[in-house]
Amino acid sequence: MKSPPRILFLEDNPYFIEALMDEFRSLSWPVTHITNIREAKEHFSNEEFDLVISDLHLQDIETGAPNSGLDFIHYIRQRKKSKVPIIVTTGLELISEESIVENEVDLFFYKSELDLKKFISSIKNLINQS
C-alpha cells in the first residue's frame, strides 16, 4: 500500500483551514499547516513533501503587509528545481494564466467555488501522477 501524501498547507483563513484539516485528518494524511511564508520556506527547506497547497493572498506576520503565495511558489521552483505538485487557492484575487504557467502551478481553485470531494480527488490524481 502506498504511504499517505505528506502535504505542506500554507493558509491563513481559519474557516478554510478547519474545513480542509478535518478532511485531511479523516483520510489520515500527514499535513504540516503553516500560516506564513517565512515558516513555510523553513519547513520546505528541511522536510520532504509530496504536495504543496498554498493560498495566494497572505499577510506578512511581522509587518501585516499583504504577501503573495506566488512568492513562496517561486521559492519552491527555484529550490533544487523542485517539481513537487502545487495547488493554489484564493478567495479574492484573480490570477492570470501566465502566472500559473510561469510559476508551474499544477492546479488552481477559488475557495468560493471549492467542492471538497473534487478537491481531494484532484489531490489524489496529482500525487499519483508524480
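What follows is calculated from the coordinates using simple rules that are stated; it is not laboratory data. Remember, it's a predicted structure, so these values are computed and weren't measured experimentally. So basically every Cβ, Gly included, is an ideal-geometry build from the backbone, and we count neighbours across all protein chains shown.
Extension gain for GLU39-TYR15 works out to 6.6 nm (0.36 nm per residue, less the C-alpha to C-alpha distance). By the beta-carbon count within 10 Å of each Cβ, the least crowded to most crowded order of TYR110, TYR15, fewest first, is TYR15, TYR110. Counting 0.36 nm for each residue step from SER26 to GLU104 and taking away their Cα separation leaves a gain of 25.2 nm. Okay, which of the range 1-30 sit inside 15 Å, backbone N to the point 7 Å along the Cα-Cβ direction of ILE120? Within reach of a label on ILE120, which here means backbone N under 15 Å from a point 7 Å along Cα→Cβ, the range 1-30 contributes 4-5, 18-30.
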